[in-house]
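Below: one structure, written as structure tokens.
No lab work stands behind these numbers, since they all come straight from the coordinates. Everything numeric in this text was worked out from a predicted model, so none of it was measured. As a convention, Cβ positions derive from the backbone with ideal geometry for all residues, glycine included, and neighbour counts pool all protein chains shown.
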Amino acid sequence: MKRREIERLLPEIFQRTLHAEKHFRGEITFRRGSPLFAILKVMEDLHKPSEELLRTLDIFFDPQRTPDDFLPFLACWVNLDRIFEERSAVGRTTLSASQTLLSSGLGKLRQLTADAAFLSQWRGTKKGLLRFLEVATGVAGFEIDEQVIDSDGRPRPFHLRVRVPKAAESHQHLIRRIIDVEKPAYVNYELEFVPQEA
């Protein structure tokens, strides 16, 4: 808010004081050395940070443009804090981008946050789990076998086998965390790391 806009909001007695002097061109002004001028200048300066923030507010809601320090908070809004590595003693997420929230980095967290609506819609399904794993690790080629056969040749009920590309092996902890929170509660799983094809 500019000084002239603030002036119009002041009580009439202050406005008359401000406009006591006329500039030689006929423009209404007042003495720059007066205490009232200084107060108005301070009020104008106090509004600048808020106005700048409001002018660029949309970047905070765009996962691709939001500042790194705000990204974990934005991810919490779409329930992605359940896969973060760092948690405090009371179970609340530590909201600091300086700490590694995902082993694959903040770029993958940005993409997961952008895909949150899709991931939420397909939560608990093969399609949703595959997408979650591929986006979170940045590695394609995950496979999920829902018809696992035991050593006797019978299907194992409520059991998944997740085949993980060798390139994603360094993210094993993240992969397990994602599967634990995304699969149905009654389902067991096993990981199988598959070597890359030449």
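A Cβ distance below 7 Å, combined with a sequence gap of six or more or placement on separate chains, defines the contacts here; from the range 161-190, residues that are among the hydrophobic types (A, V, I, L, M, F, W, C) reach residues that are surrounded by fewer than 16 Cβ atoms within 10 Å (Cβ to Cβ) and outside any strand (DSSP E or B) in the pairs A167/Q196; V181/R82; V187/F158. Note on the range 139-163: among residues that are of a type in the set (K, R) and in a loop (DSSP other than H, G, I, E, B), the one that is surrounded by the fewest Cβ atoms within 10 Å (Cβ to Cβ) is R154.
For I39, indicate whether it is farther than 23 Å from R4 by Cα and of a type in the set (V, I, T). Spelling it out, it is not the case that I39 is farther than 23 Å from R4 by Cα and of a type in the set (V, I, T). How many residues are of a type in the set (A, V, I, L, M, F, W, C), more than 17 Å from R131 (Cα to Cα) and out of contact with any Phe, Trp or Tyr (no Cβ under 6 Å at 6 or more places or on another chain) if we restrict to the range 159-198? Qualifying residue count for the region: 4.
Of all the listed residues (E169, E182), the sole one being acidic (D, E) and closer than 22 Å to C76 by Cα is E182.
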